[in-house]
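Each reported figure results from applying straightforward, stated rules to the coordinates on display, with no laboratory input. Being a predicted model, the structure only gives us computed values, none of them experimental. Don't worry about glycine lacking a Cβ; one is built from the backbone with ideal geometry, like all the others, and counts go over all protein chains shown.
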Amino acid sequence: MTLEVLYFASLRERVGTPRETVETQAATVRALMAELSARSAGHAAAFADPASLRCAVDQQLANLDAPLDGVRELAFFPPMTGG
Amino acid sequence: MTLEVLYFASLRERVGTPRETVETQAATVRALMAELSARSAGHAAAFADPASLRCAVDQQLANLDAPLDGVRELAFFPPMTGG
Amino acid sequence: MSAHVQSAPFDPAAQLRDFGRGAGAIVTFTGIVRDEGGTLSALEIEHYPGMTERLLAEYGERAANRFGLSDWHILHRHGTIAVGEPIMMVATAARHRRAAFEGADYLMDWLKSRAPFWKREIRRDGSVAWVAARDGDEDDLARWQDA
Amino acid sequence: MSAHVQSAPFDPAAQLRDFGRGAGAIVTFTGIVRDEGGTLSALEIEHYPGMTERLLAEYGERAANRFGLSDWHILHRHGTIAVGEPIMMVATAARHRRAAFEGADYLMDWLKSRAPFWKREIRRDGSVAWVAARDGDEDDLARWQDA
């Protein structure tokens, strides 16, 4: 399946791009993270500490075990600091 | 001793005046209320239900057993409804 | 840092010019005369001149110390206030939002039950009635345990 | 009832024109860039376009239902924001004060920890640093038990 993967804030800086198109068979967010970590040192650094990372699946906050079936847009980012 | 006694809101309406000068030997607010109740039917009505009445002694909120010694201004009023 | 009692109408926005400079968080509360389903014409507010001003300033300072406010402002009208007009406002400024929220909330709970104001409804049918204190207001104030 | 995300500066007072008509109580919160002891030059705020706007509107509605708000307004800036400028504001209107206070407090706790914004400090010495989330913000949000 083909996914748009978005990165925000410090995650974007580590990966080095705000978005990329990814072709994957990963079943969950966590499985995809393992695949992406192999892409570059920047990716590996971005995904090194899953506890400090948040994600959104099709623009809904989700946990790392969320399934990827049917998903079109996945976003990774650090804890939010709005307000 | 001579006291200025002030009435506000529904108490003022019942007594029929916003203030009066009172000469008394009453030791406490409650004792003075008994004396004032004898002055008129309006006073009696104003002081008929002490639980629904508030007072301030020299502009400090006080309870009905507060002593009157040295006091110059005493005010009676219903529960406040500010804000 | 200021407390005012006045009969003149006021514009809440104008009150906030230069308020809370340097703060990270500003909270405001504005109380407005509701029309109560079209039955109300105006509110009339009586107060205890002298005592009111002193107490507003005293409670403003108390809130500033308790919650670490960098600025506070209290304005309360008396006299006749038409439906739709602001009755009063409270503004608090602090470094962080929790202090600003709690300071404003505290001042409002206090104002409702301890500031010497009394409200009277002037109704469209010509009748007039004093507004009764709500039990809930005493409960709100009890939350702060310093009434 | 409205939620906005914009890079342009805004005037909190102007945002409140026509807000909350008919309500008895209006609460506002305004967040302002602090100068952090003179070390800060500006904040830079990144957000998740699309998701942010949808979530702000969704939480505004949620607050309206939960607290019985008659009106609500959320405005949050992104991009570069100079020291002393407002970052964001929330306004709530209700019949009584408790609902207006709780609605604003709830929206702020939620915005701090769940709205997809990220802040970066641009310091006077030229350094740049992402602002870390505070544990206290998660605790604040947990008070509402619906995170």
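Here C:Leu69 does not qualify as of a type outside the set (Phe, Trp, Tyr), crowded, with 18+ Cβ neighbours inside 10 Å and within 13 Å of chain B (Cβ to nearest Cβ). Residue count for region D:85-115 satisfying the condition of being crowded, with 23+ Cβ neighbours inside 10 Å, farther than 23 Å from D:Gln145 by Cα and away from chain A (no Cβ under 12 Å): 0.
When B:Ala62, B:Ala56, B:Ala66 are screened for being closer than 16 Å to C:Pro49 by Cα, of a type outside the set (D, E, K, R) and surrounded by 14 or more Cβ atoms within 10 Å (Cβ to Cβ), only B:Ala56 passes.
Which residues, taken from region C:1-30, are touching a Pro at 6+ places or on another chain (Cβ under 7 Å), facing another protein chain (nearest Cβ under 8 Å) and of a type outside the set (Ser, Thr, Tyr)? Once the filter is applied, which keeps residues that are touching a Pro at 6+ places or on another chain (Cβ under 7 Å), facing another protein chain (nearest Cβ under 8 Å) and of a type outside the set (Ser, Thr, Tyr), region C:1-30 yields only C:Pro12.
Of all residues in region C:116-135 being within 13 Å of B:Met80 (Cα to Cα) and not aromatic (Phe, Trp, Tyr), which is farthest from the other protein chains (Cβ to nearest Cβ)? For region C:116-135, the residue satisfying everything is C:Asp135. Checked across region C:35-49, the condition of being touching a residue at least 24 places away in the same chain (Cβ under 8 Å), at the interface with chain D (Cβ under 10 Å from one of its Cβ atoms) and at negative phi holds for at least one residue. Return yes or no: is A:Arg19 closer than 19 Å to D:Glu53 by Cβ, in contact (Cβ under 8 Å) with a residue 12 or more places away in the chain and more than 11 Å from the chain's Cα centre (by Cα)? So A:Arg19 does not fit the description; no. Six or more apart or on different chains, Cβ under 8 Å: which pairs go from a residue in region B:63-83 that's in contact (Cβ under 8 Å) with a residue 24 or more places away in the chain and more than 12 Å from every other protein chain (Cβ to nearest Cβ) to one that's of a type in the set (S, T, N, Q) and not in a strand (DSSP E or B)? Could you list them? Filtered contacts from region B:63-83: B:Leu68/B:Thr24.
Filtering region B:29-56 to residues that are touching a strand residue (DSSP E or B) at 6+ places or on another chain (Cβ under 6 Å) and more than 22 Å from C:Lys119 (Cβ to Cβ) leaves only B:Val29.
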